[in-house]
Amino acid sequence: MVSLRQMKANPKGCPGQESGHKEYSLGCLRGASLFSNLADKDIACFYDAAQPRAFKKGKVLYLQDEPAEFFYIICSGWIKLFHTSQEGEEAVVDMLTAGHMVGESSIFEHDRHTSSAQVIEDVQLLSLPSALLKEQIRLSTSLAFTMLSSMSRHHRRNYDEIALNAMQSAPQRIGCFLLRLCTGDKKKSAVFHLPYDKALLAYTLGMKSATFSRALNVLRVKTGLKVSGTRVEINEVERLVKFVYGSLAIKYMPEKL
């Protein structure tokens, strides 16, 4: 088995289930905020239990209210969390990508999942036993505090997004989402692909498809961005930031995105 010291030499990769290279698992674990600052001795048991998995678009990881045997760390790809009403209506709760965990909150909810999770863009992830996380939190005050901090940051992010969205126009909400996809080193320009189709993106942002299309056209005119299929080109990231956040733009400059 490769040692934790050796694995630190390549902390970011997670090539997928077919490679079988367990040395990449630590990089994926370290990519999640819950494990990023844990000592090697505290993360060792999670590394030993982690199983790399690869799932195609459309795969349902788990359903709301099901017993929770595992939680997951996303290494690449996108996962949708959603609730389903008694009438069968679906409400998207969150869209998560690399570095995020899914299913971990079940340990505080009688070991049942609080939402459903579906793959919306092919994913590479790590699967870990929920019982292990629950036991280690009981044994480690450091891990328990980190878990509470991680959950607090997540809820704060959701709260901030809800508050901001309530004040934004449809074009600004789309721009806000696109800025989240910009990497931190692309301060002047950015080129990337939308992680999932426009219909789902519109639904996630609380818009009808027609509203989304009109808002996207406004965004093109106001900021000069180009969208062709899933490809997005932002020639002036700062211009988009100013359009989205107005007088608050200085707080959200690309180096802080």
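No lab work stands behind these numbers, since they all come straight from the coordinates. Predicted model only: the values in this text are computed from it and were never measured. FYI the Cβ positions are ideal-geometry reconstructions off the backbone, even for glycines, and counts take in every protein chain you see.
Of H110, H100, H154, H83, the sequence from fewest to most neighbouring Cβ atoms within 10 angstrom is H110, H83, H154, H100. Spherically averaged projected area of the convex hull of Cα atoms, segment 88-146: 5.3 nm². Summarising the label geometry, the points placed 7 Å from Cα in the beta-carbon direction at R156 and K198 lie 3.6 nm from one another. If the cut-off is 19 Å between C-alpha atoms, which aspartates and glutamates fall inside it for K222, apart from same-chain ones fewer than 8 positions away? Output for K222: E233, E236, E238. By the count of other C-beta atoms within 10 Å, a proxy for reagent exposure, M207, M101, M151, M167 are ordered fewest to most as M167, M151, M207, M101. Phi angles of segment 201-211 translate, via the Karplus equation with coefficients 6.51, -1.76, 1.60 and θ = phi - 60°, into HN-Hα couplings of 4, 4, 4, 4, 8, x, 10, 7, 4, 5, 5 Hz per residue; Gly and Pro are given as x. Restriction of the chymotrypsin sites (Phe, Trp or Tyr not before Pro) in segment 71-151 to DSSP coil positions whose beta-carbon has at most 12 other beta-carbons within 10 angstrom yields no sites.
Charged neighbours of S76, selected by a Cβ distance under 10 Å, balance to -2 (K, R count +1; D, E count -1). In order along segment 60-72, the Karplus-derived 3J(HN,Hα) couplings, from 6.51 cos²θ - 1.76 cosθ + 1.60 at θ = phi - 60°, round to 8, 6, 6, 10, 3, 6, 6, x, 9, 8, 9, 10, 9 Hz, and Gly and Pro are given as x.
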